[in-house]
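One structure is given here, and the rest of the page talks about it.
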Amino acid sequence: MTWAGKILRVNLTQGTTKSEPLNMQWARDYIGQRGLATKYFVEEVDAKVDPLSPDNKIIYATGPLTGTMVSTGGRYSVITKGALTGAIACSNSGGYFGAELKMAGWDMIVVEGRSPKPVYLYIENDKAELRDAAPIWGKTVWETEPWIRSHHQDPLIRVNSIGRAGENGVMYAAVVNDLHRAAGRSGVGTVMGSKNLKAIAVRGTQGVGHVRDPKAFMAAVNAGKKVLHDNAVTGQGLPKYGTQVLMNVINEIGALPTRNHRAVQFDGAKDISGEAMHEPRKTDGKPNLVTNQACFGCTIACGRISKIDAHHFSVENKPQYWGASGGLEYEAAWALGAANGVNDLEALTYANFICNEDGMDPITFGATVGAVMELYDMGLITKEQLGIEAPFGSAKALTHFAEITARGEGFGKEIGLGSKRLTAKYGHPELSMSVKGQEF
């Protein structure tokens, strides 16, 4: 195992950082990042803690294989008591941040307390310090990452951060790294925002070591990669279509959540599928998908990079959204699309861009919009309340809701509560498609 053997403890209330040895017995007993960090969490935090109080802690954890050549070896997890659910949350992300943290020599970061002012944590190998985040508070993820790199004059720094959603208390705010990879679920970004912690910036140049038998390890790595390469899903389907390879398959078997789970098949599924992302648009002759992308050390390369038609209504006169960025994965596509009856691929991509830019979970956001559309269909909320007509199938309503929720404006504040709280407020909790407050 490649444990660095130390954790970074950050006390935001006191403004301090210190190194502590990793509990190696726990590391052996609980093995992975989720299990080990959860052990730390339950030992240190009262089970009855308010998720948004200073007494809650948030842990950024790597695993024993993070930073190695193992496929999916770039992943890390964020563990806390989630704002959305009030339960222990473990939200996982890919990209490059996790590997960078391990290569800086840290297995985990344990953050406690609440800063009296906005700060970000800067780590450069063994050095860790809190910096003033006033210049980036109120900024999006897409503005925060380049500012930090420019400020430190290092384009290789890896950053995770919250957008305006995390600052404004959207209950399902995400922690976003590498611009469009996210620890997205359960409101971990909301907890980060409640602590006035805007971002964590990491630069690691120490590499990863402590492998007991390097030759045997590399043999196992190569054998595993061959299995992934030879498998039809991980060797062909996921690299070409991403997790969106599931859209048409799940629709065909009658298991696609549609119109807030009123139905199990969506007649517009083919229009928002992985296959559709490859098809040239009638408007400009270009496909939605630009390329696939891999996370650190991964041979699957299931990530999507997409580009919206610059003439689509959602991005007219908005050149900041004309470039290529993180595209739709299956769970975002069904939640933003089928769950709302929307089959406009460009509108879904725009809503997904907004979720990445401002740090929102597209699953909970999309499913909450589905509940809003059902409440609207039942006549329980009106156009005057929403600011727009919102029948199932309205791409304009979907994109409007994404914008106002990210900014914390108007009815967006209600959508930011998540479907459980919103539907209960309007007297119909049965319209929330969730378990323990988190959407399916």
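FYI, it's all coordinate maths here, none of it is from the lab. Everything quoted here is computed from the prediction, not taken from an experiment. When we count neighbours, we look across all protein chains shown, and the Cβ atoms used for this are built from the backbone with ideal geometry, even at glycine.
Restricting to lysine pairs 8 or more places apart or on different chains, what number in the stretch 389-440 have Cα atoms under 19 Å apart?
Eligible lysine pairs with Cα atoms under 19 Å apart amount to 4.
For residue 6, enumerate residues with amide H under 5 Å from its amide H, sequence gap 5+ or separate chain, H modeled in the peptide plane.
Here the answer is 22, 107, since their amide H atoms fall under 5 Å of that of residue 6.
Using only Cα atoms, what is the ratio of the radius of gyration of the chain to 2.2 N^0.38 Å?
0.96
Hey, which lysines would be in cross-link range of residue 282, C-alpha to C-alpha under 16 Å, not counting anything within fewer than 8 residues on its own chain?
Partners within reach: 270, 307.
Counting only DSSP beta bridges with both residues in the chain, what percent are antiparallel, rounded to the nearest 5?
80 percent
Can you tell which of 211, 141, 290 shows the greatest fluctuation in a Gaussian network model of the chain with Cα springs below 10 Å?
Looking only at 211, 141, 290, the biggest GNM fluctuation is shown by 211.
Using Cβ counts within 10 Å as a stand-in for footprinting exposure, how do 419, 53, 273 rank, fewest first?
53, 273, 419
Fewest Cβ neighbours within 10 Å first, please rank 266, 97 accordingly.
By the 10 Å Cβ count, ascending, the order reads 266, 97.
Using 0.36 nm per residue, how much length does the chain from residue 55 to residue 13 gain when fully extended, once their Cα-Cα distance is taken away?
Working it through step by step, the gained length comes to 14.1 nm.
The stretch 302-383: which GluC sites (Glu not before Pro) are DSSP loop and have at most 15 other beta-carbon atoms within 10 angstrom?
Within the stretch 302-383, the qualifying GluC sites (Glu not before Pro) (loop, at most 15 other Cβ atoms within 10 Å) are 316.
Please arrange 433, 218, 192 by counting, for each residue, the other beta carbons lying within 10 Å of its beta carbon, fewest first.
Sorted ascending by nearby Cβ count, the order is 218, 433, 192.
Quick one: if the Förster radius is 56 Å, what FRET efficiency do residue 426 and residue 127 give, using the C-beta to C-beta distance and rounding to 0.05?
After rounding, the FRET efficiency stands at 0.65.
Give the calculated FRET efficiency between residue 20 and residue 211 to the nearest 0.05, with a Förster radius of 30 Å applied to their Cβ-Cβ distance.
My answer for the efficiency is 0.85.
Note down the nm distance, to one decimal, between modelled labels 7 Å out along Cα→Cβ at residue 275 and at residue 47.
4.9 nm
Starting from the 7 Å offset along Cα-to-Cβ, what nm value, one decimal, do you get for the label separation of residue 150 and residue 31?
4.6 nm
Using the scaling law 2.2 N^0.38 Å as the reference, what is the normalised Cα Rg of the stretch 235-343?
Normalised Rg, Cα atoms only: 1.09.
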